[in-house]
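Undergrad: Structure below; questions to follow.
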Amino acid sequence: GRTVAVVGGHAYALHPWIDGRHRHGGQLTAGQCTRLGALLGAVHACLERVMPPKRHTRPATGPHPVESADPADTLTLIDDLLGHVRRHRPPDAFDELARHRLLERRALLEQHADRRPPRGGPTGWVHGDFHPFNLLYKGDAPAAIVDWDRLGVQPRAEEAVRAAAIFFVRPAGTLDLPKIRAYARAYRRSAGATAEELAAAVHRVWWERLNDFWMLRWHYERGDTRADPQFPAASALVVWWTREYDAVCGAFAE
């Protein structure tokens, strides 16, 4: 009757098959956005109960370190990526957009380098990769959260902000702030998080996005183009987020 077995030093888990489909934020009503925020808050609160703070011994294995990015390192990376773009012949539409966004991001970093946030806020056990493709819906209700391999200890509110930036990004690279407001209020109630905690998390995730180029690194360093369709919206989002910083903070913290 056990769901976990250790074979040859490796742990294996067996779970029942769950039928369902994925839904992005554009397909959710305001009420469903509230339910989504409450669900993630409940996940964080329940993880805290079953794995209390004294057992916070294992860091999350995902790509979201508690230490914020150093803009000097990012500027060096931008130069390296621009070199990759220049060497790609003949240039295509992706190269042109990449060059535009890299130059744009370099200017933004130089302008906002003094806004580097301190280390992350209150930590707790988090799912580690909460986004639309790891949540299954059956009808209008969530049926299962899958893909728990990044379970670990991270600033909890950052997972809430990071998830919202994936669920509620629009194709043009803007965020659906009314839906985020409903989601964030429910998350705060369910997780017991404060408005100040969410506002600080917004700042750290904004900074993370400002310094992040994983999609371009996959494309130019690995030759992996799977994330290319996400790049136009994701690269536009950080520019819009910088311009609408106060409105985004308000949606999460009011």
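Undergrad: Looking at region 79-124, which of its residues are within 15 Å of residue 215 (Cβ to Cβ) and β-branched (Val, Ile, Thr)?
TA: Matches in region 79-124: 85 only.
Undergrad: Test of understanding: among 173, 124, which residue is more than 21 Å from residue 245 (Cα to Cα) and of a type outside the set (Lys, Arg)?
TA: Going through 173, 124 in turn, just one is more than 21 Å from residue 245 (Cα to Cα) and of a type outside the set (Lys, Arg): 124.
Undergrad: Scan region 105-128 and give yes if some residue there is small (Gly, Ala, Ser), in a helix (DSSP H, G or I) and over 23 Å from residue 35 (Cα atoms), otherwise no.
TA: yes
Undergrad: Can you tell me which residue within region 1-59, out of those that are modelled with pLDDT of 95 or more and of a type in the set (Lys, Arg), is farthest from residue 179 (Cα to Cα)?
TA: 21
Undergrad: Select, from 241, 218, the only residue that is touching a Phe, Trp or Tyr at 6+ places or on another chain (Cβ under 6 Å) and assigned to a helix (DSSP H, G or I).
TA: One residue alone meets the criteria, 241.
Undergrad: Still on this structure: Confirm whether residue 172 is surrounded by fewer than 17 Cβ atoms within 10 Å (Cβ to Cβ), in a strand (DSSP E or B) and touching a residue at least 12 places away in the same chain (Cβ under 8 Å).
TA: no
Undergrad: Kindly evaluate residue 144 against the criterion of being more than 15 Å from the chain's Cα centre (by Cα) and outside any loop (DSSP other than H, G, I, E, B).
TA: Yes, satisfied.
Undergrad: Could you tell me how many of the residues in region 83-99 are surrounded by 13 or more Cβ atoms within 10 Å (Cβ to Cβ), more than 25 Å from the chain's Cα centre (by Cα) and part of a helix (DSSP H, G or I)?
TA: Qualifying residue count for the region: 2.
Undergrad: Of the residues that sit in region 221-236 and are touching a residue at least 60 places away in the same chain (Cβ under 8 Å) and surrounded by fewer than 21 Cβ atoms within 10 Å (Cβ to Cβ), which one is farthest from residue 176 (Cα to Cα)?
TA: By that ranking, first place goes to 221.
Undergrad: Right, next: Do we find a residue being acidic (Asp, Glu), under 20 Å from the mean Cα position of the chain (by Cα), at negative phi and modelled with pLDDT of 95 or more anywhere in region 62-74?
TA: yes
Undergrad: Among the residues of region 1-54, count how many are closer than 16 Å to residue 190 by Cβ and either in a loop (DSSP other than H, G, I, E, B) or acidic (Asp, Glu) (or both).
TA: Summing the residues that are closer than 16 Å to residue 190 by Cβ and either in a loop (DSSP other than H, G, I, E, B) or acidic (Asp, Glu) (or both) in region 1-54 gives 1.
Undergrad: List pairs: first residue in region 106-125 and within 24 Å of residue 40 (Cβ to Cβ), second residue of a type in the set (Phe, Trp, Tyr) anywhere in the structure, Cβ distance under 8 angstrom, at least six positions apart or on different chains.
TA: 117/207
Undergrad: Hey, another quick one. Starting from residues that are in contact with a helix residue (DSSP H, G or I) (Cβ under 6 Å, 6 or more places away or on another chain) and aliphatic (A, V, I, L, M), keep the ones in region 78-101 and report whichever is nearest to residue 229 (Cα to Cα).
TA: This residue is 98.
Undergrad: Tally up the residues in region 201-215 that are in a loop (DSSP other than H, G, I, E, B) and either charged (D, E, K, R) or without any contact (Cβ under 8 Å) to a residue 24 or more places away in the chain (or both), please.
TA: 1
Undergrad: Continuing with this model, one more query. In region 187-200, is there at least one residue being small (Gly, Ala, Ser), in contact (Cβ under 8 Å) with a residue 24 or more places away in the chain and within 28 Å of residue 106 (Cβ to Cβ)?
TA: Scanning region 187-200 turns up at least one residue that is small (Gly, Ala, Ser), in contact (Cβ under 8 Å) with a residue 24 or more places away in the chain and within 28 Å of residue 106 (Cβ to Cβ).
Undergrad: Would you say residue 185 is closer than 18 Å to residue 38 by Cβ, basic (Lys, Arg) and touching a strand residue (DSSP E or B) at 6+ places or on another chain (Cβ under 9 Å)?
TA: no
Undergrad: Then there's this: Please go through region 198-215 and pick out each residue that is small (Gly, Ala, Ser) and crowded, with 20+ Cβ neighbours inside 10 Å.
TA: Scanning region 198-215 gives 200, 201.
The values are calculated or read from the model by the stated rules, or taken from the named source; none is laboratory data. If you're wondering where the values come from, they're calculated on a predicted model, not measured in any experiment. In this analysis, Cβ positions are derived from the backbone assuming ideal geometry, glycine residues included, and neighbour counts consider all displayed protein chains.
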